[in-house]
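> My structure is below; once you've seen it, I'll send some questions.
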Amino acid sequence: MNKTNTAPARLGFIGVLLLTVAGCAGLAPQSSLEQVQQQSAELTGQDALHWATEQDQPPVVRERIAELLAEPLALESAVEIALMNNPGLQARLFDLGIADAQRVQASRLPNPGFSIGRMTRGSEVEWERGLHLNLGSLIALPLTRRIAEGQNAQVQREVSLSVMRLATDTRIAWYRAVAAQQSLAYSEQVLQAADAGAEMAHRMAAVGNYSALQQAREQSFYAEAALSHLQARQEQVASHERLVRLLGLWGEQTNFTLPERLPDVPAEPLDQPDIEQQAMASRLDVQAAQQGAERLATNLKLGKATRFINVLELGISNNSSNEEPVQRGYEITVELPLFDWSGARMAGNEARYMQQLQRTAEVAINARSQVRESYQAYRTAWDVAAHYRDEIVPLRKRISEENMLLYNGMFIGVFELLADAREQISTVNRYLQAQSDFWVAQSELDLVRFGPVTPSEANSASTTPASPAGGH
Amino acid sequence: MVSRRDFFMGAGAITAAVAASSVSRVSLAGLPEPVIQSSPETMAPLEPNTGRPYKPVVTLNGWTLPWRMNNGVKEFHLVAEPVVREMAPGFNAHLWGYNGQSPGPTIEVVEGDRVRIFVTNKLPEHTSIHWHGQRLPNGMDGVAGLNQRAIPAGKTYVYEFEAKRPGTFMYHPHADEMVQMAMGMMGFWVTHPRDAHPNIDEVDRDYCFLLNAYDVEPGSYTPKIMEMLDFNIWTFNSRVFPGIDPLVARKDDKVRIRVGNLTMTNHPIHLHGHEFEVTGTDGGPVPRGARWPEVTTDVAVGQMRQIEFIASDLGDWAFHCHKSHHTMNAMGHDVPTMLGVDHRKVVTQINSLIPDYMVMGERGMADMAEMQMPLPENTIPMMTGDGPFGSVEMGGMFTMLKVRADQPAGDYSDPGWYQQPEGTQAFEWTGPLAEPARFKSESTTGKPAVEVQVRKPTGHSGH
């Protein structure tokens, strides 16, 4: 360490400088939550987010959930419960706290170093005291703080997306569960028709009007209907449980009821010619990618700015000796850029920046494509459901009415009438599936405006391939 | 008789639309004006005012075609065309026929008449006419391809021959006849004897009709022309009961009924309350010594029969085909037999799915006639038609012979229901039923003393 003399004023100046640069950044996780609330509310329509600060739910949450579960669970009530109660989401929310802490961390000054040395030369005792500070990180502080803030914003966005995904998943699970429950009711009706047929055939065989073969044929309809009924029951249980998981319910809470039927498919589909443009403005992943690129650009700038000075260390020394006057001074250590001119690091940064630019382009292209695909899936699902509603179901109904007339005229028998009833019920059931597919597509279309729709959302329970795969 | 020259203008959209092959007025110049019939009612006999005199027939729910005399030749004009036939009120069939009706008009001539028949084809395809049973030059027999070229759509052909022998005949196409007969193209032909004939009696009433069958899907209008045997509409002159007029007679009238069969199965035609003799076949009058009494005569496919009897007994007498399904209207042929099947509980179950469901057939099919339930459009119930004592429970080839003491000669109108004299009708027995004498060994419970046991052969029965 060199010994240098410096005016004490210098030290003061540096202190003031450091304090100015450091500013006064405080922890503010609540504002992060509010940001997330704000960002996600457009899709969720809810302000139910809260921190689970304790192991147990606060009583106000518990009461609210109990209140919502007391009624047949409405769609938006399910979303509200999921946002309050899904433990996975609660875990995710803590990412906000972590990011906030990191942000604050990044805005703190690097700790200065202090050195003290004692040397003797004969009778001379020399004390060397030095205070040194990495100048590079100090100069870079405003930039690193901006980077950290950017990171914080990114985490907020990701968490917002998680919130919206949960809301979408919950809605889809709700639609599926209601549809499955309705399907189960239809399959009970089919079973009933088949049962009546089997019973009638049995009685006909008993009085000698039917052969064993004819009776067995009618019995086989019943057997098959019973199988479908089992499958429908399984589907009902599975979809109910999926909803339970998303709502984070357990114990007594799982005994909630659902409305009897799905909402009607809207009379007209949503016509959104500018959905791509809208999505470009609202897609969080696009925004994140853009900000990532900006951040890397800043980083690059930072790198250029600190190309030399980040290997620069400033120190002040105060050396005292029992024989000499006190020595004051400063020292600057500079790495000789002999072997490493930071060229590689700069090239790396540049490459990373370019990489991020390409990724951003990719994200934007994928987002546009996903939005188009989701909208197409939504339109198709609407067309299919509307076709069922306007064409197929009325036609089936007409056929059944005409069959009733044929039965009246003794042109067909009771078994044909029952077979027709089974057919009609199955058609209505397929319409129900189409309806459910429509609502799933609608939910995914809502989500795709904010972020990518992954296959996990498209947990299609349906037999009609109308649910959009979304982007993935 | 309705004869409307402008019938084509108002014959309904179907007729107009299908008769695509228009016939120019010029080509029809000089031909007898075609006479068109639109009413399905039985028309009064057409008394001859030109040509040789004869005693005309009455065509059940039909009519006789007027003619014009041209230098001693009787000229008729038949127009083959699509028509709408009312098979019964509320049930219309889209058929092909002649001069506005199916079957076409009856042609009546006298033995020895020279006959010239113009046949105009207004069908969408070619046709021809075969004069079933007539003796005529080979080139007039009407088998398309064999005896003549088929009459193309839109063209008029002329048939000319002498009506050589008296008797009952038919006419029908012999070109694409499978389709054209399934569509109702057919008509009656009667050749009256010129002079008193030893085997042909004068009669007071002379009725004629054709037997025909169609397969009209309930709710539709056009017969299914590919059907071979499983018809569902069995008709007298393309009418089904209760759409068929009764045959009426004054007590002790001598009545002749001529029946021709152009269906694909035979029909045992049965008359109640009287015996008749078959006095004529396709081949001509039956010699008196060869006749025998009958109450049913089987009219085989492609045959004609003349039956004659004295309407000696007052009343409303059933007259029908004795194939019981032929006295039904359209019905399902694969409907399961529900007789004796207990429907309890199952009905409730079915009703929860199909609210309009009603049990039928559990006690028999008469339910069908009792319950008036909505049917497909253009369909009449399979058994219908009421008599004075309730439902007659029949349709199809069923009508009545109505014999009345005061029915004026030449009056063919329906005299209404017969008033049965006091004490001449079956009645309910309300007195005790005497126990029949039984063997001592006979069980009084009605069960046989020894149950009949069916023994199935086994390998060890030692026989």
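> With respect to B:PHE188, is the statement that it is modelled with pLDDT of 95 or more and either surrounded by fewer than 22 Cβ atoms within 10 Å (Cβ to Cβ) or on the phi > 0 side of the Ramachandran plot (or both) true?
Values: modelled with pLDDT of 95 or more: yes; either surrounded by fewer than 22 Cβ atoms within 10 Å (Cβ to Cβ) or on the phi > 0 side of the Ramachandran plot (or both): no.
No; evaluated as a whole, the condition is false for this residue.
> Which ones in segment A:113-142 are surrounded by fewer than 18 Cβ atoms within 10 Å (Cβ to Cβ) and under 46 Å from the mean Cα position of the chain (by Cα)?
A:GLY113, A:SER137, A:ILE139, A:PRO142
> Given the criteria modelled with pLDDT of 85 or more and more than 30 Å from B:ASP206 (Cβ to Cβ), does B:PRO415 qualify? Write out each step before concluding.
On the way: modelled with pLDDT of 85 or more: yes; more than 30 Å from B:ASP206 (Cβ to Cβ): no.
Answer is no for this residue.
> Next question. Which one of these is of a type in the set (Gly, Ala, Ser) and farther than 30 Å from A:LEU191 by Cβ: B:GLY340, B:GLY364? If you could, list the steps in order and put the result at the bottom.
On the way: B:GLY340 fails: farther than 30 Å from A:LEU191 by Cβ.
Going through B:GLY340, B:GLY364 in turn, the sole match is B:GLY364.
> Yes or no: segment B:277-288 includes at least one residue that is away from chain A (no Cβ under 14 Å), open to solvent by less than 20 Å² (accessible area, probe 1.4 Å) and touching an Asp or Glu at 6+ places or on another chain (Cβ under 6 Å).
Within segment B:277-288, one or more residues are away from chain A (no Cβ under 14 Å), open to solvent by less than 20 Å² (accessible area, probe 1.4 Å) and touching an Asp or Glu at 6+ places or on another chain (Cβ under 6 Å).
> Restricting to segment A:65-79, name every residue that is assigned to a helix (DSSP H, G or I), acidic (Asp, Glu) and either within 17 Å of A:VAL178 (Cβ to Cβ) or modelled with pLDDT under 90 (or both).
Filtering segment A:65-79 down to residues assigned to a helix (DSSP H, G or I) leaves A:65-70, A:75-79.
Then keep just the ones that are acidic (Asp, Glu); that gives A:67, A:76.
Correct list: A:GLU76 only.
> Answer with yes or no whether A:ILE392 is of a type outside the set (Ser, Thr, Tyr), over 30 Å from A:VAL286 (Cβ atoms) and outside any helix (DSSP H, G or I). Write out each step before concluding.
Details: of a type outside the set (Ser, Thr, Tyr): yes; over 30 Å from A:VAL286 (Cβ atoms): yes; outside any helix (DSSP H, G or I): no.
Against the criterion (of a type outside the set (Ser, Thr, Tyr), over 30 Å from A:VAL286 (Cβ atoms) and outside any helix (DSSP H, G or I)), A:ILE392 does not qualify.
> Just checking, does segment B:356-373 include any residue being in a loop (DSSP other than H, G, I, E, B), under 25 Å from B:ASP245 (Cα atoms) and touching a residue at least 60 places away in the same chain (Cβ under 8 Å)?
no
> Additional query: Count, please, the residues in segment A:200-217 that happen to be open to solvent by less than 60 Å² (accessible area, probe 1.4 Å), within 10 Å of another protein chain (Cβ to nearest Cβ) and either acidic (Asp, Glu) or assigned to a helix (DSSP H, G or I) (or both).
Number satisfying all stated conditions: 5.
> Right, next: Would you say A:ARG359 is touching a helix residue (DSSP H, G or I) at 6+ places or on another chain (Cβ under 9 Å), touching a residue at least 40 places away in the same chain (Cβ under 8 Å) and either away from chain B (no Cβ under 14 Å) or open to solvent by less than 60 Å² (accessible area, probe 1.4 Å) (or both)?
Working: touching a helix residue (DSSP H, G or I) at 6+ places or on another chain (Cβ under 9 Å): yes; touching a residue at least 40 places away in the same chain (Cβ under 8 Å): yes; either away from chain B (no Cβ under 14 Å) or open to solvent by less than 60 Å² (accessible area, probe 1.4 Å) (or both): yes.
Yes; evaluated as a whole, the condition is true for this residue.
> Oh, and also: Before we move on, is A:ALA167 within 14 Å of chain B (Cβ to nearest Cβ), part of a helix (DSSP H, G or I), of a type in the set (Gly, Ala, Ser) and open to solvent by less than 50 Å² (accessible area, probe 1.4 Å)?
Details: within 14 Å of chain B (Cβ to nearest Cβ): no; part of a helix (DSSP H, G or I): yes; of a type in the set (Gly, Ala, Ser): yes; open to solvent by less than 50 Å² (accessible area, probe 1.4 Å): yes.
No; evaluated as a whole, the condition is false for this residue.
> For residues that are more than 9 Å from every other protein chain (Cβ to nearest Cβ) and more than 18 Å from the chain's Cα centre (by Cα), scanning just segment B:376-391, find the one that is surrounded by the most Cβ atoms within 10 Å (Cβ to Cβ).
Looking at the filtered set, the residue picked out is B:ASN378.
> Please work out which one of (1) surrounded by 18 or more Cβ atoms within 10 Å (Cβ to Cβ); (2) away from chain B (no Cβ under 14 Å) is the condition A:LEU395 fails and give its number.
(1)
> Please work out if B:ASN329 is surrounded by 19 or more Cβ atoms within 10 Å (Cβ to Cβ), within 23 Å of B:PHE236 (Cα to Cα) and within 12 Å of chain A (Cβ to nearest Cβ).
Criteria met by B:ASN329.
> Against the definition (open to solvent by 40 Å² or more (accessible area, probe 1.4 Å), at the interface with chain A (Cβ under 8 Å from one of its Cβ atoms) and hydroxyl-bearing (Ser, Thr, Tyr)), how does B:THR337 come out, yes or no?
Considered against the rule, which asks whether it is open to solvent by 40 Å² or more (accessible area, probe 1.4 Å), at the interface with chain A (Cβ under 8 Å from one of its Cβ atoms) and hydroxyl-bearing (Ser, Thr, Tyr), B:THR337 comes out as yes.
> Let me ask something else. Restricting to segment B:234-271, and then to whatever is within 13 Å of the chain's Cα centre (by Cα) and basic (Lys, Arg), can you tell me which residue is farthest from B:GLY410 (Cα to Cα)?
For segment B:234-271, the residue satisfying everything is B:ARG239.
> Next question. Counting only residues that are open to solvent by less than 40 Å² (accessible area, probe 1.4 Å) and at pLDDT 80 or above, which one in segment A:10-36 is nearest to A:LEU75 (Cα to Cα)?
Restricting to residues being open to solvent by less than 40 Å² (accessible area, probe 1.4 Å) and at pLDDT 80 or above, the top hit is A:VAL36.
> Out of the residues in segment A:405-433 that are without any contact (Cβ under 8 Å) to a residue 60 or more places away in the chain and more than 8 Å from chain B (Cβ to nearest Cβ), which is nearest to B:PRO218 (Cα to Cα)?
Start the filter on segment A:405-433 by keeping residues that are without any contact (Cβ under 8 Å) to a residue 60 or more places away in the chain, which leaves A:405-413, A:416-417, A:420, A:423-424, A:427, A:430-431.
Add one more test, that the residue is more than 8 Å from chain B (Cβ to nearest Cβ), and what stays is A:416, A:420, A:423-424, A:427, A:430-431.
Numbers: A:GLU416: 16, A:ASP420: 17, A:GLU423: 21, A:GLN424: 21, A:THR427: 25, A:ARG430: 30, A:TYR431: 30 Å.
Filtering first and then ranking leaves A:GLU416.
Yes or no, residue by residue, for (1) touching a residue at least 12 places away in the same chain (Cβ under 8 Å); (2) basic (Lys, Arg); (3) more than 18 Å from B:ASN212 (Cα to Cα):
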residue	(1), (2), (3)
B:ILE36	yes, no, yes
B:GLU41	yes, no, no
B:ASN61	yes, no, no
B:ASN71	no, no, yes
B:VAL84	yes, no, no
B:MET87	yes, no, no
B:HIS94	yes, no, no
B:PRO105	yes, no, no
B:GLU108	yes, no, yes
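> Among the residues of segment B:46-80, how many are of a type outside the set (S, T, N, Q), open to solvent by 30 Å² or more (accessible area, probe 1.4 Å) and over 12 Å from B:PRO105 (Cβ atoms)? Outline the logic, then answer.
If we filter segment B:46-80 for residues that are of a type outside the set (S, T, N, Q), which is where we start, we get B:46-48, B:51-58, B:60, B:62-63, B:65-69, B:72-80.
Filter once more, so that each one left must be open to solvent by 30 Å² or more (accessible area, probe 1.4 Å): B:46-48, B:51-53, B:55, B:66-69, B:72.
From the residues that got through so far, the ones that are over 12 Å from B:PRO105 (Cβ atoms) too are B:47-48, B:51-53, B:55, B:68-69, B:72.
Of the residues in segment B:46-80, 9 are of a type outside the set (S, T, N, Q), open to solvent by 30 Å² or more (accessible area, probe 1.4 Å) and over 12 Å from B:PRO105 (Cβ atoms).
> Applying the selection to segment A:222-243, what residues are buried (at least 18 other Cβ atoms within 10 Å of the Cβ), more than 14 Å from chain B (Cβ to nearest Cβ) and in contact (Cβ under 8 Å) with a residue 60 or more places away in the chain?
Residues satisfying the conditions are A:GLU235, A:SER239, A:HIS240, A:ARG242, A:LEU243.
> I want to confirm something. Restricting to segment B:359-375 and keeping residues that are open to solvent by 40 Å² or more (accessible area, probe 1.4 Å) and farther than 25 Å from B:ILE233 by Cβ, which single residue is nearest to the other protein chains (Cβ to nearest Cβ)?
That would be B:GLU362.
> Which of (1) open to solvent by 20 Å² or more (accessible area, probe 1.4 Å); (2) under 26 Å from B:ASP298 (Cβ atoms); (3) not in a loop (DSSP other than H, G, I, E, B) does B:LYS402 not meet, given it meets every other one?
Looking at each condition in turn, B:LYS402 falls short on (1).
The values are calculated or read from the model by the stated rules, or taken from the named source; none is laboratory data. What you see is a predicted model, and the numbers here were worked out from it, not measured in a lab. Cβ atoms come from the backbone with ideal geometry, glycine included; neighbour counts cover every protein chain shown. The area values use the complete protein model at the heavy-atom level, side chains included, leaving out ligands, DNA and RNA. Shrake-Rupley method; radii C 1.70, N 1.55, O 1.52, S 1.80 Å.
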